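Here, each number is a calculation from the coordinates, and none is a lab measurement. These numbers were taken from a predicted model, which means no experiment stands behind them. Because the Cβ atoms are built from the backbone with ideal geometry, glycine has one as well, and the counts that use them run over all protein chains shown.
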Amino acid sequence: MSTRAISFLVRKKMPHEVVAYVHEEKGAQFAARAVGFPLAQTIKTLVADLGSHRYRLVLMPGDREISMKKLARACGVKRAAMADAATAERVTGYLVGGISPFATRQVMKVLMEACLLDFAEVMINAGQRGLLLRMDPKDIARVLGAEVVSVADPP
């Protein structure tokens, strides 16, 4: 079982473990519960719309929400919003509920919430509903060239 995301990690020789689960609903909360992993360490990959057809991938802990004001400031724009599902699927090439930051259809800058680097391992989507990757968050940041930011609302 392979996806574009998994193939990308193999080509980059990035350590990862594929974890499958029965996908019954979208969201980090369900995925974390399904594999018995902490929600704070389960990454949701979000597509932010900065306007003028500019998008960013934002990697957030499953238990936190994005502050649009902080995100806009971090990206140097007046306002930011979440991309709608159709746009997110078009620019990433993945279905919502299976969006991975690896090997997206459109190349986008990646922002990673700083607190994710506090963990030794995290789970992140493998590019298909029902598939996660267990990885070191530092490897994720490095392979994606992610900018580490603090754009989460306070817990």
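Here are the numbers for this structure:
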read-out: Whole-Å distance, taken between Cα centres, linking the stretch 20-94 and the stretch 1-16; value: 21 Å
read-out: Placed amide H near residue 127: partners under 5 Å, 5+ positions off or other chain; value: 100
read-out: Signed unit charges on C-beta, dipole axis of the stretch 4-149, positive-most listed residue 87, 30, 127; value: 87
read-out: The stretch 51-120: GluC sites (Glu not before Pro) in DSSP loop, at most 16 other beta carbons within 10 Å; value: 65
read-out: Chain lengthening between residue 139 and residue 96 when straightened (0.36 nm per residue, less Cα-Cα); value: 13.1 nm
read-out: 5 angstrom amide H check on residue 148, placed H, neighbours 5+ away; value: 112
read-out: Assigned charges on the beta-carbon of Lys, Arg, Asp, Glu; the stretch 4-149 dipole about Cα centre (debye); value: 580 debye
read-out: Relative packing of 128-135, 141-148, which averages over residues the other C-beta atoms within 10 Å, highest first; value: 128-135, 141-148
